[in-house]
Amino acid sequence: MSKGTSEGWGSRVGLILAMAGNAVGLGNFLRFPVQAIQNGGGAFIIPYLVCFLLMGIPLLWVEWAMGRFGGRHGHHSTPFILHQMDPRRTLWKYIGVFGIFTNIAVAAYYCYLESWTLSYVWHSVAGTFNGQSSEDVAGFFGRYVSLETMEPVIFWIICLLMNTWILAQGLSGGVEKVAKIGMPLLILFGIVLAYMGVTLKAGEHGAVNDGTLGLNFLWTPDYSSIWKPSVWLAAAGQIFFTLSVGMGSIHCYASYVKKKDDIALNAMSAGWMNEFVEVVLGSAIIIPISIGYLGIERVVELTKSGGLGLGFKTLPYLFTQWGPTMAMIAGVCWFGLLFFAGITSSLAMGTPVMGFLEDEFGWKRKPSAWFFGLIILVLGLPTVLYFNEGVFDEYDYWAGTVSLVVFALFEIILFAWIFGMDKGWKEINSGADIKVPTAFRYVIQYVTPLFLGFVFFASLPGIWEKITAANLPWQVHGARVLLIALFAGTSYFVWVAYKKRHAKSYTA
């Protein structure tokens, strides 16, 4: 058995906010509204909620239960949490490598995206966008990611240092404190911006439409889209993306929960808080404001390239239409909201790596945190230097999409069919403050695995197309080599840790 750690959560509120912060990320505000527009508007909420109930909530319960079970045996990272659930087979600890690999690989590009929000907060305060044309503001982003100055690198390093320093303070002293500050501020900023967006009036400050037009457009249902497989895949993908399931960070956070502490209500609370932020606040900001000024046709055109164009190229210009003072307030609220959404998620990505190093190699908390920061510095540098060559997108596809589905499919099979649903259901309900409906026992055992299997196999043609794509720049091939090396290296250290355990057990 591993040595364990003295880490723990200071309060239940802090735990829930940290878990919600792990789930609430940049995708809630930049990705969800665009996904809704592209997949049937109001009709998208039907497959979205079905996926949330049949896949999202069950996976939350499963990952919380697995994490608490592993923590009870002294494990705080997925390789040995999964191994503890089926000690007879060595395969599971290598499946658990995904729970470390994914967090490192996602953090490598996510921290760069996070640093943009920090930089744009600064430029909002400095009034950089005041008096600029829409083309100038959009061009600013293009010049920024092209590294025409050293500013992006500086803000990226600042962001890395912040993440690393907070992680070095521990769960209750660092991560939990940030969640207790960041999540309320995020919701406050979101409410302020949602109010400004929804109450926008045509003819005021240059707006051509009411803000409510954007809401109506976003949620007007196109029911013909509901039966398209692509819409269901998009809904399933958004649930993965927004809840941070299939990553290993939830396992790690839950592994520090005490043996008899509730996980059923805690998981529900964190999940529904994320849904409130995404569906209510996320849909009431970027689209209503954009349509208020640009009109529906222009916004539909801009959403084809995703939410980054609206969030970074368009909104800063639209904020300036409200005058310098309100532009500064709106800019700080918007990019501050994105920053807190980002950092509460990126902090969760560091904890599984730290837990692994502390458990298996006896590292102290601070060296573990700074080692994680060093890895992210090395792996993240290509996403900064070669953003326009597609390295950022390559990391996001393999680590932020494919890896999540693969890991989630394996973990649900392990939990429901190998660990066993009798033991699994007992683990979910142990110490529960709510009665989990019995129907979810069968959902977890049958429906969720089938759902995940469908998502995985339906994704295979796209994966193969990605693998065999021709004329890719050398930077993309280099990114793939780095990701393979990261997975292989992590697997090697898991093997070394397993040998150390085996040697200790034999000696004892």
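Given the criteria at negative phi and surrounded by 12 or more Cβ atoms within 10 Å (Cβ to Cβ), does Phe457 qualify? Working first, answer last.
Values: at negative phi: yes; surrounded by 12 or more Cβ atoms within 10 Å (Cβ to Cβ): no.
Criteria not met by Phe457.
Based on what the data block shows, is Tyr109 touching a Phe, Trp or Tyr at 6+ places or on another chain (Cβ under 6 Å), aromatic (Phe, Trp, Tyr) and closer than 20 Å to Gln238 by Cβ? Spell out how you get there, then give the answer.
Details: touching a Phe, Trp or Tyr at 6+ places or on another chain (Cβ under 6 Å): yes; aromatic (Phe, Trp, Tyr): yes; closer than 20 Å to Gln238 by Cβ: yes.
Yes, satisfied.
Scanning the stretch 210-259 for residues that are basic (Lys, Arg) and under 21 Å from Gly40 (Cβ atoms) returns a single hit, Lys228.
When the stretch 427-449 is filtered for residues that are of a type in the set (Ser, Thr, Tyr), buried (at least 16 other Cβ atoms within 10 Å of the Cβ) and in a loop (DSSP other than H, G, I, E, B), only Ser430 remains. Candidates Leu460, Leu452: the one that is closer than 30 Å to Tyr48 by Cβ, in a helix (DSSP H, G or I), free of Cβ contacts under 8 Å to residues at least 60 places away in the same chain and out of contact with any Cys (no Cβ under 6 Å at 6 or more places or on another chain) is Leu460. Residue by residue through the stretch 297-311, note down the ones that are within 14 Å of Ala36 (Cβ to Cβ) and in contact with a Leu (Cβ under 9 Å, 6 or more places away or on another chain). Selection gives Val299, Thr303, Gly306, Gly307, Leu310.
In the stretch 107-150, which residue that is aliphatic (A, V, I, L, M) and buried (at least 23 other Cβ atoms within 10 Å of the Cβ) is farthest from Ser244 (Cα to Cα)?
Start the filter on the stretch 107-150 by keeping residues that are aliphatic (A, V, I, L, M), which leaves 107-108, 113, 118, 121, 125-126, 137-138, 145, 147, 150.
Next cut, buried (at least 23 other Cβ atoms within 10 Å of the Cβ) only: 107-108.
On the way: Ala107: 12, Ala108: 16 Å.
Filtering the stretch 107-150 for residues that are aliphatic (A, V, I, L, M) and buried (at least 23 other Cβ atoms within 10 Å of the Cβ), the one farthest from Ser244 (Cα to Cα) comes out as Ala108.
If you go through the stretch 85-97 one residue at a time, do you hit one that is closer than 28 Å to Leu160 by Cα, surrounded by fewer than 24 Cβ atoms within 10 Å (Cβ to Cβ) and among the small types (Gly, Ala, Ser)? No; the residues of the stretch 85-97 include none that is closer than 28 Å to Leu160 by Cα, surrounded by fewer than 24 Cβ atoms within 10 Å (Cβ to Cβ) and among the small types (Gly, Ala, Ser). Can you find even one residue in the stretch 47-62 that is modelled with pLDDT of 90 or more, within 20 Å of the chain's Cα centre (by Cα) and over 30 Å from Gly306 (Cα atoms)? Within the stretch 47-62 (the criterion being modelled with pLDDT of 90 or more, within 20 Å of the chain's Cα centre (by Cα) and over 30 Å from Gly306 (Cα atoms)), the answer is yes, since at least one residue qualifies.
Yes or no, residue by residue, for (1) in a helix (DSSP H, G or I); (2) farther than 27 Å from Cys111 by Cβ; (3) free of Cβ contacts under 8 Å to residues at least 40 places away in the same chain; (4) over 23 Å from the mean Cα position of the chain (by Cα):
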position: Val300; (1), (2), (3), (4): yes, yes, no, yes
position: Phe319; (1), (2), (3), (4): yes, no, no, yes
position: Ala330; (1), (2), (3), (4): yes, no, no, yes
position: Phe335; (1), (2), (3), (4): yes, no, no, no
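Being under 27 Å from Ala20 (Cβ atoms) and touching a Phe, Trp or Tyr at 6+ places or on another chain (Cβ under 7 Å), is that true of even one residue in the stretch 135-152? Break it down into steps so the answer makes sense when it comes.
Taking the stretch 135-152 as the starting set, the residues that turn out to be under 27 Å from Ala20 (Cβ atoms) are none.
Scanning the stretch 135-152 turns up no residue that is under 27 Å from Ala20 (Cβ atoms) and touching a Phe, Trp or Tyr at 6+ places or on another chain (Cβ under 7 Å).
On the stretch given as the stretch 422-481, residues that are closer than 30 Å to Glu389 by Cβ and of a type in the set (S, T, N, Q) total 4.
Just give me the residues in the stretch 469-505 being polar (S, T, N, Q), loosely packed, with under 11 Cβ neighbours inside 10 Å and modelled with pLDDT of 95 or more, in sequence order. Those that are polar (S, T, N, Q), loosely packed, with under 11 Cβ neighbours inside 10 Å and modelled with pLDDT of 95 or more: none in the stretch 469-505. When you check Asp359 against the structure, is it in a helix (DSSP H, G or I), within 16 Å of Ala497 (Cβ to Cβ) and either touching a Lys or Arg at 6+ places or on another chain (Cβ under 6 Å) or modelled with pLDDT under 95 (or both), yes or no? Taking the combined requirement at face value, the residue satisfies it. So for the stretch 229-248 (the condition being over 21 Å from the mean Cα position of the chain (by Cα) and either of a type outside the set (Val, Ile, Thr) or at pLDDT below 95 (or both)), does at least one residue qualify? Yes, the stretch 229-248 has at least one match. Among the residues of the stretch 396-413, the one identified as buried (at least 21 other Cβ atoms within 10 Å of the Cβ), among the aliphatic types (A, V, I, L, M) and over 16 Å from the mean Cα position of the chain (by Cα) is Ile412.
The values are calculated or read from the model by the stated rules, or taken from the named source; none is laboratory data. Everything numeric here is computed off the predicted structure, so don't read it as measured data. FYI the Cβ positions are ideal-geometry reconstructions off the backbone, even for glycines, and counts take in every protein chain you see.
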